[in-house]
Amino acid sequence: MKFIFSQMAFFLAQQSNRRNIRFMLRFALFVIVLVLVYSVLFHMIMETEGQKFSPLTGLYWTLTVMSTLGFGDITFQSDLGKMFSVLVLMSGILLFMLLLPFTFIRFVYSPWLEAQSKALTPRELPKDMDKHVLIVGSDNTALSIAERCRQYDVPYALLIPDSALALELYDKGYKVLLGDLDARSSYEAARADKAALILALHDDLKNTNIAATLRELAPNAPLLASASSEASADILRLAGCTYVYRFSQLLGEGLARRVFSAGQESNIIGRFEGFCIAESAAHSSPLVGKKLRETDLRDRFGLNVTGIWQGNQYMPARPETVIDEGAVLLLAGTADMLERYDRAFTSHSGAALSPALILGGGRVGTAVAATLEKRGIPFRIVEQKPPLVPMDDGRYVLGNAADINTLRAAGIDATGTVVVTTHNDDLNIYLTIYCRKLRPDIQIISRSSMERNVASLYGAGANLVMSQAGMSANAVINLLMPGRVFMLTEGLNIFRVTVPAKLVGVTLLDSGIRHDTDCNVVAVRSNGASTVPPDPRKPLQEHDELILIGTSEAEKVFMDKFYR
């Protein structure tokens, strides 16, 4: 009963709904008056035929005829009476079968359902809620951040202005708050002044409005906004944003780090807690054909082989794993260790001296190019929109990347790496398949906009796939919990945890982490210093931190096994 009253209160609070009710009342009054007029006329015509009936009988006849039931127990004998019956019947069809259902659905039933949906969706967070993440957005990035918050038990709420979308996400299990983005009351209901972080994930103009509205209520609340350009980033900072991230630039930099550069054996793709994560292709090296335990990389260089890429498949490193010709080793160690490793082996022969090929010259593509330029790696960009192609820059090729002539003009026959950066996943899948057919031997790195398309891109032949949503989520988690997670590629992360109570006093050899979870401990941090690689025979201490690498599934298995 209380829920019904709350729905009615919400329904009547809308001015449009009150206007609809007034219209329906006028319509109902019109129908009632018409029925009464017909009833009076019924008696008048019946009297001309010499028949008399009670007032209730006149109302009964009028309603049976207008509703097309027509029992036939009371009929007119004269032509005038029959014509009147036809008039009553036709007006009944028009009113009861056409106008009344349409009017009721349009002005009562649909608004009531909408009010019911809005009443189901929360409009206010609990008054005692604090230290939460308020996500102002509903795109893939926002939902990915929400998923990551759930994974790390960080309280969060999605602020969404659209009631249908809010209810849809609420039904899917997301914590949703319904409210207008430019209303101070929405942020008051969201307890924005008590939030650990507020995220504005709309376009630059709306993010500026969000920042200005929020600062009226919470001048010091930490606010992070996404920006499409450096100019927009400056304006957002002036509007009061604490942090401004260009997520497309972060994605471009991440994609560029995965490009094999010529002249070196290992390719550093990330730095974490004082050590490096690098990739090294085994092609034509003395490692091919050996088992990992036979390579002796730990004793010779101090390096830890944390995993192996075989084509587009990531495999956890195990002592009995055999290194194939096409394998790419994932190494963890300090920069000095990697330098000694590089000196011991020949240069990576798979990385051509010809430019890397970037398909797409948008924000992500230009960020890839800028990062490659800093690394000293030549590149070519294929872009079909003339405004995005600078004049007199030979590194740009104007044309459609799906055209074989354009790809050949850009150097597809000689390149060692293709980076697919368009924002259309369908096109990315198409281009990945096309480039893989043209060059089965090259490295293909692709961007994914939707997480559900990651598997399709791998199936199309991509060696590595990265998404803006995944990188954005990791950036937010690292802001909340510095150094907690680092994404190497979509679905493969480095993450840091405190030693579980179950493993205190247990050595890594006896922990079963690698065997039971497919995660690999790359370092142990104790008393502010990281040990790389960790001593597998040293017992873990209570306040130590483990730095692990594994897929998203392996990370969940680890968390469930040791923390649940």
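For the chain, give the magnitude of the charge dipole about the Cα centre (Cβ charges: +1 Lys/Arg, -1 Asp/Glu; no others), in debye to the nearest 20. Spell out each step's value before the answer.
Values: 56 positive and 57 negative charges, 114 e Å.
I would put it at about 540 debye.
Quick check on the chain: of the DSSP beta bridges with both residues there, what percent are antiparallel, nearest 5%? Working shown, then result.
Numbers: 42 of 77 bridges.
Bridges in the chain are about 55 percent antiparallel.
Multiply the residue gap between A402 and M24 by 0.36 nm, knock off their C-alpha separation, and tell me the result in nm, one decimal place.
My answer for the length gained is 130.3 nm.
What aspartates and glutamates sit close enough to K194 to cross-link, taking a C-alpha to C-alpha distance under 18 Å and skipping anything fewer than 8 places away on the same chain?
Correct list for K194: E124, D128, D130, D153, E216.
To the nearest 10 degrees, how steeply does helix 79-92 sit against the main Cα axis of the chain, on a 0 to 90 scale?
Taking the Cα atoms of the chain, the angle to 79-92 is about 20 degrees.
May I ask you to derive the relative contact order of region 34-163, considering only C-alpha pairs under 8 Å and at least 6 residues apart, and to give it as an integer percent?
Numbers: 87 pairs, mean separation 22.3, N = 130.
Relative contact order comes out at 17 percent.
Which order, highest average first, do 440-451, 223-234 follow once you tally other Cβ atoms within 10 Å for each residue and take the mean per peptide?
Taking the mean over residues of other Cβ atoms within 10 Å, the ranking is 440-451, 223-234.
For region 353-497, give the percent of accessible area contributed by carbon and sulfur heavy atoms, probe 1.4 Å, rounded to a whole number.
Here carbon and sulfur together make up 54 percent of the probe-accessible area.
Report the Cα-based extents of region 73-179 along its three principal axes, largest first, to the nearest Å.
Rounded to whole Å, the extents work out to 83, 29, 21 Å.
Return a whole-number percent for the relative contact order of the chain, with Cα pairs under 8 Å and 6 or more residues apart as the contact set. List each step's numbers first, then the result.
Values: 1029 pairs, mean separation 51.4, N = 564.
Rounded, it is 9 percent for the chain.
To test your reading of the geometry: what angle, between 0 and 90 degrees and rounded to tens, separates the Cα axis of helix 2-13 from the longest principal axis of the chain?
Between the helix axis and the principal axis of the chain, the angle is about 80 degrees.
What is the angle, in °, between the Cα long axis of helix 55-66 and the longest principal axis of the Cα atoms in the chain? Nearest 10 is fine, range 0 to 90.
40
Keeping every protein chain present and rolling a 1.4 Å probe, give me the accessible area per residue for region 426-486 in Å². If you can, show how the numbers build up before the last one.
Details: 2230 Å² over 61 residues.
On a per-residue basis, 37 Å².
Work out from phi, with θ = phi - 60° and the Karplus expression 6.51 cos²θ - 1.76 cosθ + 1.60, the ³J(HN,Hα) of each residue of region 296-309, listed in order in whole Hz, and give x for Gly and Pro.
Whole-Hz 3J(HN,Hα) from phi for region 296-309: 6, 5, 5, 6, 6, 10, x, 8, 10, 7, 8, x, 9, 8.
Expressed as a whole number of Å, what is the distance separating the alpha-carbon centroids of region 195-258 and region 48-108?
Spelled out, the Cα-based centre of one part sits 66 Å from the other.
How large is the accessible surface per residue of region 261-346, computed with a 1.4 Å probe and reported in Å² as a whole number?
Heavy-atom SASA per residue in region 261-346 reads 42 Å².
So what are the three principal axis dimensions of the chain from its Cα atoms, in whole Å, longest to shortest?
Per principal axis, max minus min of the Cα coordinates gives 120, 61, 49 Å.
Which length gain, in nm to one decimal place, applies between V33 and E47 when the Cα-Cα distance is subtracted from 0.36 nm times their residue separation? Mind showing how you got there, number by number?
Numbers: separation 14, 0.36 × 14 = 5.04 nm, distance 2.15 nm.
Result for the pair: 2.9 nm of gain on full extension.
Can you divide the C-alpha Rg of region 294-414 by 2.2 N^0.38 Å and report the result to two decimal places?
In units of the 2.2 N^0.38 Å rule of thumb, it is 1.38.
Suppose we take every Cα in region 114-238 and form the convex hull; what volume per residue is that in Å³?
100
The values are calculated or read from the model by the stated rules, or taken from the named source; none is laboratory data. Keep in mind the model is a prediction, meaning the values are calculated, not measured. With ideal geometry, Cβ positions are generated from the backbone for all residues, glycine too; neighbour counts draw on all protein chains shown. These accessible areas exclude ligands, DNA and RNA; they are computed on the full protein's heavy atoms, side chains included. Shrake-Rupley method; radii C 1.70, N 1.55, O 1.52, S 1.80 Å.
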